[in-house]
Amino acid sequence: MGSAGFAETKHLLVDQATGDYLAAATTAPDPVVRSLIDRTASLGEAAGMMATAAQATLLTMLARLVSAKTVVDIGTFTGLSALALARGLADGGRVITCDVTDDSLALAREHWERAGVADRIEFRLGAAGRTLTGLAEGTSADLVFIDADKMNYPKYYRLAAPLVRSGGLLIADNVLLDGHVVDPALAGPGLPRLCAETLRSFNAALAADDRFDVVMLPFADGLTIARKK
């Protein structure tokens with residue numbers, strides 16, 4: 001088989017046993033992250049919106065790698081991504097995190113305080129588009145993480161891309177959407193299918209954006225990391 005054919009098949013389907021092995025081979029979440037994950041799980045179905053423990057570890061690592069001082073976190077929920085990103089900040093850095101609701105803010109702040117990063121996180125209540133357009137003129141972001149309502153990913157991308165500095169990162173979560181981006185017709189009718197179609201278009205637009213080097217990883221529900229040239 002040629003190299004192209006080999007590359008096409010060089011992906012492992014992750015079953016439960018392999019997933020458990022991957023988790024065991026990754027830095028374990030500390031007690032604060034473990035507590036936040038467990039408390040979020042108690043919220044029921046909504047807990048599915050939370051990033052995984054491994055994603056939190058990766059976000060901290062990526063923030064450190066780019067020596068991030070200004071990070072924008074689109075989609076706060078119970079605060080795990082903001083906590084992880086804040087832990088990777090350079091001295092004097094800040095995370096601006098936003099959400100359309102503050103229903104889970106008390107839980108988030110409790111764990112930000114316990115992690116010792118509350119003074120590095122600024123929560124803004126309201127639409128992410130308003131947060132992005134409301135940033136001070138000349139704001140340059142070292143890292144933008146998109147993990148919010150899927151129908152607005154194209155809008156967040158359009159507003160965030162110019163903010164990312166050269167060498168900075170634009171990261172998007174849930175880009176595989178349970179695999180439905182491969183064929184949106186497989187998604188349920190109505191909003192699920194519209195979300196799959198929207199994310200498929202978003203993925204194609206970002207991959208074709210010559211301002212960025214882009215890689216999509218089959219990690220959790222799909223994670224795209226784009227580095228600004």
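Using a Gaussian network for the chain with springs between C-alpha atoms less than 10 Å apart, which of these wobbles most: Leu177, Leu199, Leu186? It is Leu186. Accessible surface ranking for Thr76, Thr139, 1.4 angstrom probe, highest first: Thr139, Thr76.
Given N residues in the chain, what is its alpha carbon radius of gyration divided by 2.2 N^0.38 Å? The chain yields a ratio of 1.00.
Expressed as a whole percent, the accessible area of the stretch 53-102 that falls on carbon and sulfur atoms is 52 (1.4 Å probe). Can you work out the FRET efficiency for the pair His11 and Ala47, with r the C-beta to C-beta distance and R0 = 25 Å, to the nearest 0.05? The computed FRET efficiency comes out at 0.35. From a point 7 Å beyond the Cα of Arg211 in the direction of its Cβ, which residues of the stretch 115-149 have a backbone N at a distance under 14 Å? Under 14 Å, as judged by backbone N against the label point of Arg211, lie 133, 138-144 of the stretch 115-149. Charge tally for Arg200 (other residues, Cβ to Cβ under 11 Å; Lys, Arg +1; Asp, Glu -1): 0.
Take the Cα of Leu191, go 7 Å toward its beta carbon, and the backbone nitrogen atoms of the stretch 36-63 under 18 Å from that spot belong to 44-50. Largest GNM mean-square fluctuation among His111, His180, His11, using the chain with Cα springs under 10 Å: His11. Note on the stretch 71-119: Cα Rg divided by 2.2 N^0.38 Å, N the number of residues, gives 1.03. Of the residues Pro184, Ile37, Ile225, the one whose Cα sits farthest towards the positive end of the charge dipole of the chain is Ile225 (charges of +1 on Lys and Arg Cβ, -1 on Asp and Glu Cβ, taken about the Cα centre). Considering only Gly93, Gly126, Gly134, the Gaussian network model of the chain with Cα springs below 10 Å gives its largest mean-square fluctuation to Gly134. Restricting attention to the chain, the count of lysine pairs at 8 or more positions apart or across chains with alpha carbons under 23 Å apart stands at 5. The eigenvalues of the Cα gyration tensor, multiplied by 5 and square-rooted, give the stretch 1-131 an equivalent ellipsoid with semi-axes of 29, 19, 16 Å from largest to smallest. About the centre of its Cα atoms, the chain shows a dipole size close to 640 debye [charges on the beta carbon of Lys, Arg (+1) and Asp, Glu (-1) only; nearest 20 debye]. Here's the picture: a label point sits 7 Å out from the Cα of Thr139 along the beta-carbon direction, and within the stretch 88-129 the residues with their amide nitrogen under 17 Å of it are 93-101, 120-129. With a cut-off of 8 Å between alpha carbons and a minimum separation of six or more residues, what is the relative contact order of the stretch 19-118 in percent? Over the stretch 19-118, the number comes to 27 percent. Rolling a 1.4 Å probe over the protein heavy atoms leaves Glu113 with an accessible area of roughly 130 Å². Would the stretch 20-64 count as rounded, prolate or oblate if I go by the C-alpha gyration tensor, calling it rounded below 1.5 in a/c and otherwise prolate when a/b exceeds b/c, oblate otherwise? Judged from the Cα gyration tensor, the stretch 20-64 comes out prolate (a/c at least 1.5, a/b above b/c). Which one of Ser104, Gly126, Ala208 is farthest out on the positive end of the charge dipole of the stretch 103-229, using unit charges on Cβ (Lys, Arg +1; Asp, Glu -1) and the Cα centre as origin? Among Ser104, Gly126, Ala208, the one farthest towards the positive end of the dipole of the stretch 103-229 is Ala208. Cα convex hull, the stretch 117-198: 127 Å³ per residue, rounded to a whole number.
The values are calculated or read from the model by the stated rules, or taken from the named source; none is laboratory data. The model shown is predicted, which means the values in this text are computed figures rather than measured ones. FYI the Cβ positions are ideal-geometry reconstructions off the backbone, even for glycines, and counts take in every protein chain you see. In case anyone asks, the SASA skips ligands and DNA or RNA and just uses the protein heavy atoms, side chains included. Shrake-Rupley method; radii C 1.70, N 1.55, O 1.52, S 1.80 Å.
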